[in-house]
């Protein structure tokens with residue numbers, strides 16, 4: 001029994017390593033330009049060995065996305081009790097702490113414009129949910145239960161500012177995206 005548990009733990013560790021190598025490769029070159037051969041090599045596996053853990057590149061990408069979503073949920077529970085503005089600032093700080101993942105999601109957002117991309121539906125839904133969440137917060141701030149056109153505009157603007165500031169930071173790590181984002185929150189919360 002010990003031997004199988006050891007093999008199981010090794011399999012989990014190898015799977016984790018593969019996901020880290022793929023995350024790095026996808027964020028550096030994009031999903032479309034990264035080959036399974038490249039990921040196998042980085043993971044010190046044959047292609048057959050890689051396919052034992054992940055049957056295809058799409059499955060690997062979706063595993064990375066699912067893991068990030070799980071982290072986001074955990075991080076969300078850690079920010080319970082904070083105002084919504086403080087929660088989103090904390091999320092931006094978490095994105096700063098996880099640069100490679102943040103870079104991957106910026107790359108995926110651009111690549112997933114293609115409806116055939118495996119992350120197309122996910123990214124489209126992710127942006128829709130972000131806007132709905134922002135709309136709800138702006139609506140609550142007005143003391144209303146009905147989302148207005150202005151709430152929708154503000155939601156679109158804050159989503160665009162988030163991505164734009166993050167992109168500037170990804171291109172130049174000396175760029176402080178927190179200060180302008182906090183200022184934008186104040187402007188849009190007025």
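Throughout, read-outs are computed from the coordinates displayed, never taken from laboratory work. All of these numbers come straight from a predicted model, not from anything done at the bench. Virtual Cβ from ideal backbone geometry, glycine too; neighbours counted across all protein chains shown.
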Which length gain, in nm to one decimal place, applies between residue 97 and residue 179 when the Cα-Cα distance is subtracted from 0.36 nm times their residue separation?
-> 27.9 nm
So how far apart, in nm, are the two label points at residue 69 and residue 51 if each is 7 Å from Cα heading toward Cβ?
-> 2.7
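What FRET efficiency do you get for residue 120 and residue 9 if R0 is 41 Å and r is their Cβ-Cβ distance, rounded to the nearest 0.05?
Working from the Cβ atoms, E equals 0.70.
Below 8 Å, C-alpha to C-alpha, sequence gap of six or more: please give me the relative contact order for the stretch 79-190 in percent. Each step should come with its number before you reach the end.
Values: 74 pairs, mean separation 25.2, N = 112.
It rounds to 23 percent for the stretch 79-190.
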What is the Cα radius of gyration of the stretch 79-190 over 2.2 N^0.38 Å, N being its residue count?
-> 1.11
How large are Rg and Dmax for the stretch 1-61 when only the alpha carbon atoms are used, in Å?
-> 12.2, 42
